[in-house]
Amino acid sequence: MSLPDHRPALLPALALAGLTIALTAACGGSDETAGGETPADTIAVAAGDDACEVDATEIPAGTHEFEVTNEGSRVTEFYVYAEGDRVMGEVENIAPGLTRSLLVELPAGEYETACKPGMVGDGIRSPLTVTGESAQLSEDESLAGAAVDYQRYVQSQTAALTERTAAFADAVRAGDVEGAKALYPVARTYWERIEPVAEIFGDLDPLIDGREGDQEEGQDFTGFHRIEKALWETGDISGMGPYADRLQQDVAEIVALADETTLDPLQLANGAKALLDEVATGKITGEEDRYSHTDLWDFAANLEGSQAAVQALRPYLEEADPELVAEIDERFAETEAELGQYRAGDGWVLHDQLTQDQLKGLSDSITALTESVSRVAAVVADR
Amino acid sequence: MSEPTTAGEQGGLSRRRVLGWLGAGTAGALAGGAAGGLIGRATADDATGTVPAAHGAVPFTGAHQAGIVTPAQDRLHFVAFDVVTDDREELVEVLKAWTEAARRMTAGRDAGPEGAVAGSPHAPPDDTGEAIDLPPSELTLTIGFGPTLFTSADGVDRFGLAARRPAHLSELPPFPGDQLDPATSGGDLCIQACANDPQVAVHAVRNLVRLGAGVVSVRWSQLGFGRTSSTTADQVTPRNLFGFKDGTNNLKAEDPSGLDRFVWVDPADSGGDWLAGGSYLVTRRIRMLIEPWDTSSLREQEQTIGRAKGSGAPLGQRGEFDAVDFTARVDGGFAVPETSHVFLAHPTNAGTAILRRGYSFVDGSDGLGRLDAGMFFIAFQRDPETGFVQVQRNLRADALNEYIRHTSSAVFACPPGVRDDGDWWGRALFAG
């Protein structure tokens, strides 16, 4: 959420940065494309509710295709992580029984694979070794890679956002109140993870995520929160069909724009911090989801999105300021642990069930994390 | 008296540099310990209106921490912290960082070496900037360690300090009529920031809080204005929100033997190996029930306090500083009633003395439209048991109790002063 145009620092990267990266060309063909070239092989992944069997533990450097089959009963996700949970590739939103593929280019190094049944937590992890020569990247190359990494992340999120928003809109149009309530925080997760990108498109953000009272004079109250209000306040969504249509259209529009947008490293650093500010100002206070009280879903998503942006910068930061990286890792872990106390099933405890002491613990950990993450931008700018 | 020297000497801007009107006379007046007495309501009636508030710097280093017998400044920001790490090293790092920031800010400098506006445009400034252009304003920063730092409320020795906890450092006992809010009581650490400009005090606390992120968490804080005690003989006795002069008989800086006896911890005292030269700090947020007080008669008010409202003289005497005579009789009764605050709190009857350093507060109004106001009582003493606790026990029958409620309580051990450039807050406790 936010009011339009309050963050002028976040402008489309291409207008600002000297980075010229051809990114989007590779994203046409396959289901979830991350790397680009034709894969050397296909690695089967059997994702269950309690297992994540990857049919390889050691592979050569290059582009690989992971074919992930959800054999469990819950929606799952599959990730390939480099050190510090830097996302090398991921496929979201794999429904039970479905198979989806992920193309990912992996330089030599140590990685982890993870399935996340229920789409929460650290997931079920296994080590993955990639053999071969590992090239030492220059600082500029590391930073250029950050933009590519993060764009890959954004594209994985927008794909899931599109699907989950469609499912939510379908439930609303069908008058399925319980179904829509269950889907509401899940669809928002993908939105909240990439908000720094979404906010670049100042006109669309308030249409999708504006809160009641944020609208300009004469502007209708639309988007997620309009439907949230109907779902939780009156339980009458008979008039919500047009709002569901509109939400789906606006999301489709912003997804098309976001997929084409590259954030420069400074924007990534500032975006990581901005996501934590979202937590501090909107989620801890319970303002964001004031009718549903599903603020902790958004909290978790903001935190994950912030971490994804920082981790995209990680190869550079590890050279430039390893102490800061260690501090940020520690504080992300502390914040996740603090938040982890309030997990409930596949979701989270509702905001209005948290005590003042519990909120203070969450607030303290976000405050400390923000102090650390706020120092990333200067490290990036000093290159 | 350390005037900040040239800007940039330590890499930051001196806030004072811009203030050309601050002359050497400032330092001279301060050296005499008289600066605090030059200002305030006592001179407001003279219609001069132009005497600047005391704005110089108070030395940060010394045998004792500043902010105890330092002439009481006019403004307070007091903050209590919980330590949220179990890592002793992290805590020590914060104490060191705080000491350096306190050293800088009390000299009128920015909190960090880069300063509010001289750092990278992409980095958050290491000083928050609201004190740019403001002089040191006699800022003092005084740190204290609460009982729970040594042993947590559930009995855990988080930092290996339990064995070093002085015998005198324990939670205060309950008193009749206490209405304490646990959320605004206690704390593992405290910092008392006093200055003659509220913005300078708030700036100091805000920057220290930032430096402590992830290691300490603010438990509660209190703003205060209008010192309610004088701590030197030169200071005019101020009035509290009941309209009475308060602190006439306070321990004063000019009484070194009294301070040694009642305020400073002796090397032979429990914990004296690290606490000698320090003192125990007791805070009580005392809500004053303003509306009932304001509608009570002048006679009732004076009988409750035991002093004349105008002159501050003890009842039955003429001048403020006339000795209290508990035998004086008026109209067949004792001039100073045995239930009056002065009668019960006076050293003669309490059998002890404390150094009071409290401030008035007004925290807006309560939900019923009544002023949420009172005194944030601060006292320093050599031992809380023979200091505040003894005094407070004696106040059980105090007529004033009808008009006040104690709503928060805390006790801290304040270590001795930072000795030199390499010293830091708590070194003797953590490194000794």
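Go over the candidates A:Val148, A:Val120, A:Val130 one by one and state the one that is modelled with pLDDT under 95 and over 24 Å from A:Pro107 (Cβ atoms). It would help to see each step written out before you state the result.
Values: A:Val148 fails: over 24 Å from A:Pro107 (Cβ atoms); A:Val130 fails: over 24 Å from A:Pro107 (Cβ atoms).
After ruling out the rest, the residue left standing is A:Val120.
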Counting only helices (runs of 4 or more DSSP H) wholly inside the stretch A:120-205, the ones holding at least 2 residues that are assigned by TED's automatic domain parsing to the domain that holds A:His293 and acidic (Asp, Glu) are A:139-173, A:177-193
Only one of (1) in contact (Cβ under 8 Å) with a residue 12 or more places away in the chain; (2) in a loop (DSSP other than H, G, I, E, B); (3) within 30 Å of A:Arg343 (Cβ to Cβ) does not apply to A:His225, and that is (2)
Conditions (1) buried (at least 17 other Cβ atoms within 10 Å of the Cβ); (2) charged (D, E, K, R); (3) touching a residue at least 40 places away in the same chain (Cβ under 8 Å) -> B:Arg261 fails only (1)
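Any idea which of B:Ala379, B:Ala353 is small (Gly, Ala, Ser), outside any loop (DSSP other than H, G, I, E, B) and in contact (Cβ under 8 Å) with a residue 24 or more places away in the chain? Spell out how you get there, then give the answer.
Details: B:Ala353 fails: outside any loop (DSSP other than H, G, I, E, B).
After ruling out the rest, the residue left standing is B:Ala379.
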Inside the stretch A:365-383, the number of residues satisfying the requirement of being buried (at least 18 other Cβ atoms within 10 Å of the Cβ), touching a residue at least 40 places away in the same chain (Cβ under 8 Å) and in a helix (DSSP H, G or I) is 10
Per the filter on the stretch B:393-429, residues in contact with a Lys or Arg (Cβ under 8 Å, 6 or more places away or on another chain) and among the polar types (S, T, N, Q) are B:Thr407, B:Ser408, B:Ser409
Subset of the stretch B:85-125, residues in a loop (DSSP other than H, G, I, E, B), buried (at least 21 other Cβ atoms within 10 Å of the Cβ) and within 14 Å of chain A (Cβ to nearest Cβ), comes to B:Ala111, B:Gly112
Within the stretch A:312-348, the residues that are outside any helix (DSSP H, G or I), over 18 Å from the mean Cα position of the chain (by Cα), more than 14 Å from every other protein chain (Cβ to nearest Cβ) and buried (at least 18 other Cβ atoms within 10 Å of the Cβ) are A:Tyr342
Expected single match for in the same structural domain as A:Arg375 (by TED's automatic domain parsing), touching a residue at least 24 places away in the same chain (Cβ under 8 Å) and within 22 Å of the chain's Cα centre (by Cα) among A:Glu233, A:Glu278 is A:Glu278
Of A:Ala301, A:Ala308, the only residue that is modelled with pLDDT under 95, buried (at least 23 other Cβ atoms within 10 Å of the Cβ), in a helix (DSSP H, G or I) and in contact with a helix residue (DSSP H, G or I) (Cβ under 8 Å, 6 or more places away or on another chain) is A:Ala308
Discussion item. Just checking, does the stretch B:306-317 include any residue being under 21 Å from B:Ser185 (Cβ atoms) and in contact with a helix residue (DSSP H, G or I) (Cβ under 6 Å, 6 or more places away or on another chain)?
Written reply: no
Conditions (1) farther than 30 Å from A:Ala82 by Cβ; (2) surrounded by 23 or more Cβ atoms within 10 Å (Cβ to Cβ) -> A:Thr189 fails only (1)
Here the residues within the stretch B:326-350 that are in contact (Cβ under 8 Å) with a residue 24 or more places away in the chain, more than 30 Å from B:His77 (Cα to Cα) and not in a loop (DSSP other than H, G, I, E, B) are B:Phe343, B:Thr348, B:Asn349
Of the conditions (1) surrounded by fewer than 23 Cβ atoms within 10 Å (Cβ to Cβ); (2) at pLDDT below 90; (3) assigned to a loop (DSSP other than H, G, I, E, B), the single one that B:Ala54 does not satisfy is (1)
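For a quick check of your reading: which helices (runs of 4 or more DSSP H) sit entirely within the stretch B:247-325 and have at least 1 residues that are under 30 Å from B:Phe81 (Cα atoms)?
Numbers: elements: B:256-262, B:272-275, B:290-294, B:298-305.
Qualifying helices (runs of 4 or more DSSP H): B:256-262, B:272-275, B:290-294.
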Those residues of the stretch B:215-239 that are part of a loop (DSSP other than H, G, I, E, B) and at pLDDT 95 or above come to a total of 1
Among the residues of the stretch A:352-364, is any within 12 Å of chain B (Cβ to nearest Cβ), farther than 16 Å from A:Ser306 by Cβ and not in a helix (DSSP H, G or I)? yes
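I'm checking my understanding of the structure. Among residues of the stretch A:260-291 that are within 14 Å of chain B (Cβ to nearest Cβ) and assigned to a loop (DSSP other than H, G, I, E, B), which one is surrounded by the fewest Cβ atoms within 10 Å (Cβ to Cβ)?
Kept after step one, since they are within 14 Å of chain B (Cβ to nearest Cβ), are these residues of the stretch A:260-291: A:264-274, A:276-277, A:280, A:284.
From what is left, the residues that are assigned to a loop (DSSP other than H, G, I, E, B) are A:264, A:284.
On the way: A:Asp264: 24, A:Ile284: 21.
Here the answer is A:Ile284.
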- Task: Scan the stretch B:330-340 and give yes if some residue there is closer than 21 Å to B:Leu180 by Cβ and touching a strand residue (DSSP E or B) at 6+ places or on another chain (Cβ under 7 Å), otherwise no.
- Result: no
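The values are calculated or read from the model by the stated rules, or taken from the named source; none is laboratory data. This is a predicted model, so every value here is computed, not measured. Cβ atoms come from the backbone with ideal geometry, glycine included; neighbour counts cover every protein chain shown.
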